[in-house]
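Inspection log for the structure reproduced underneath, given as structure tokens.
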């Protein structure tokens, strides 16, 4: 168990007497608050706080962070209040402790919601003060070390969350040592079978691997001494989780994990890094495809190093990583390595550091994301290690996650380019926006002011940034469309009433509408949107409750009869059927008589007048609106036909040939034959409009073997 004196020993050379006094005060406060409390392991609860503070001291963080680390559980697990904590330690430390405190009392009962809200809180706290995540990562490491004392279901839940959220966050911040420890501690609890399977592959080779590494290390030290290159050399055997991850990711066997054994050479300058590399390649043969220069092209988390894999004695492959002392410190501790926290430049650091770009994007996205499930899905996608490096035509490097498409690249460049991208040139060849990008691709996005997103783009977009921008644009168009629809429906309905002019003044009307609809309305556009989306229906009861007058009754015909009469006379349309939902029950086709039905929360759904739900008046008349097709529709429609024919060879071929000749396309065909040599064929076709379908039906009916063609 870590003692408080051990922590003081770690920081004594860099902390002032005043700093030490603050830590002593925090230690005494935490000890009193947690007095009598024990962990499941049986150890005093304070042992956890000391372990966390010790890890923060290893990261060489400031006194405020260490004090907050000692106190990080007092608000959640003791009777201490935020007011008491602030009185004792001030606003800054209290703010850090509050940021690191889980949301343990979220009202929703869903575990997914609690998890999402806790992580959302941490992310928002990080953007305000990054030291929160340093405390949370240290807290998580020690909790994983004592995970064996928890029930099995909790073990798996905590370990899985660590692999999906906390380890990737550490990776994004460049904290390689923390990331590796989180992964290794979690692995055995998330997938124990795989853990012991990998261990059974690694353990038998461990002793021989260490002998090999020691021999290669001695040879490398001699080489550097002869070359007059100052170098500190160490070795390691790849961790179990890293072995497992590489085997899964690259779909390879253990024998193909070339960096199972690795040496690390640390020197004093980038120049000597390259000099050492040259000497190494002269002495040992190397695998060219395994060479990586992360000094010239750092990873997104600013990791820098040269990686090469040599073939040592007995044809054993050994990876050698070459870096400077500063690069090594950065690779181990990431952003914490040089986190100099000053009140005057905090905002500047958060804004300028490239490792935090993803964090700023996430905050913007998640402030608008209401669904916990979508939030977690987006977060996990965002935290996938960025391993694809592609280039703009001007040579700028763009980092994307594995699986990203040209469409994701467009949104990564700029949201406006993404919203108007019409195509892509990849390595000077025109390619589809759905094309998955590979490292080294040179990508140019072609744009057009007329090109805008469609819902199909959501099937192409992989990154949450792209998906969010597409959804936001589509939702805005839906709102504009439904606001216009709601206004037309209101204006049409209000004409049926004699209403005093004073009542229709916006201020008075909004007040009455808010009261009757029981929603907050700031302007009439809000009300129109509710009506257009079907959340408010202008039915008789609503209008009677709202208006101080009765409706003027003129016609007694049913709504459907009125619509049929008007369609026959081709009236000026109330709403054009553009960009609305087509009902699946009847699959309306452009050109045929239609009716609109306001579906709650969705807006207008278009039905054919021949739809059984319309003909039998199953649908609520008060939700129906008159619609017509736009003059120049775009796209295609689905037609369904039932064909009765003689069961003879070649009938289906004749049908297909006729349909193809007329420009149609069969997407599905079902054939049923009967004992009396009759056949029934159901077809689903893609056609242009109702005239196209009618011409097709007429031509099909002329085929000798066919007795009838009906639309279904």
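Listing for the model above:
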read-out	value
Lone unmet requirement of (1) more than 21 Å from residue 382 (Cα to Cα); (2) modelled with pLDDT of 85 or more for residue 492	(2)
Of residues in segment 58-102 being over 13 Å from residue 138 (Cβ atoms), within 31 Å of the chain's Cα centre (by Cα) and in a loop (DSSP other than H, G, I, E, B), the one modelled with the lowest pLDDT	102
Counted residues, segment 459-472 - those being in contact with a helix residue (DSSP H, G or I) (Cβ under 6 Å, 6 or more places away or on another chain) and either surrounded by fewer than 17 Cβ atoms within 10 Å (Cβ to Cβ) or within 30 Å of residue 625 (Cα to Cα) (or both)	1
Hey, residue 352 modelled with pLDDT under 70, closer than 21 Å to residue 334 by Cβ and touching a strand residue (DSSP E or B) at 6+ places or on another chain (Cβ under 6 Å) or not	no
Hits in segment 675-703 (condition: within 17 Å of residue 657 (Cα to Cα) and assigned to a strand (DSSP E or B))	681, 682, 683, 684, 685, 686, 687
Filter result (touching a residue at least 12 places away in the same chain (Cβ under 8 Å) and farther than 18 Å from residue 125 by Cα) within segment 86-99	88, 89
Qualifying residue in segment 307-322 (condition: surrounded by 15 or more Cβ atoms within 10 Å (Cβ to Cβ) and farther than 19 Å from residue 238 by Cα)	no
Those strands (runs of 3 or more DSSP E) lying entirely in segment 224-338 with at least 1 residues over 26 Å from residue 207 (Cβ atoms)	261-267, 306-311, 317-324
Matching residues, segment 39-57, being in contact with a helix residue (DSSP H, G or I) (Cβ under 7 Å, 6 or more places away or on another chain) and either in a helix (DSSP H, G or I) or free of Cβ contacts under 8 Å to residues at least 24 places away in the same chain (or both)	46, 48, 49, 50, 51, 52, 53, 54, 55, 56, 57
Qualifying residue in segment 375-397 (condition: part of a helix (DSSP H, G or I), on the phi < 0 side of the Ramachandran plot and in contact with a strand residue (DSSP E or B) (Cβ under 9 Å, 6 or more places away or on another chain))	no
Matching option when the condition is surrounded by fewer than 16 Cβ atoms within 10 Å (Cβ to Cβ), in a loop (DSSP other than H, G, I, E, B) and modelled with pLDDT of 85 or more, among 554, 522	522
Flag if residue 225 is in contact with a strand residue (DSSP E or B) (Cβ under 6 Å, 6 or more places away or on another chain), modelled with pLDDT of 95 or more and surrounded by fewer than 18 Cβ atoms within 10 Å (Cβ to Cβ)	no
Test result for residue 188, assigned to a helix (DSSP H, G or I) and in contact with a strand residue (DSSP E or B) (Cβ under 7 Å, 6 or more places away or on another chain)	no
Members of segment 129-163 that are surrounded by fewer than 18 Cβ atoms within 10 Å (Cβ to Cβ) and under 24 Å from the mean Cα position of the chain (by Cα)	156, 157, 160
Yes/no for residue 205 being loosely packed, with under 13 Cβ neighbours inside 10 Å and either in a helix (DSSP H, G or I) or in contact with a strand residue (DSSP E or B) (Cβ under 8 Å, 6 or more places away or on another chain) (or both)	no
Some residue of segment 657-680 being buried (at least 16 other Cβ atoms within 10 Å of the Cβ) and closer than 22 Å to residue 607 by Cα	no
Some residue of segment 431-439 being buried (at least 16 other Cβ atoms within 10 Å of the Cβ), modelled with pLDDT under 90 and not assigned by TED's automatic domain parsing to the domain that holds residue 116	no
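The values are calculated or read from the model by the stated rules, or taken from the named source; none is laboratory data. All values derive from a computational prediction rather than experimental measurement. We place every Cβ from the backbone using ideal geometry, glycine too, and count neighbours over all the protein chains shown.
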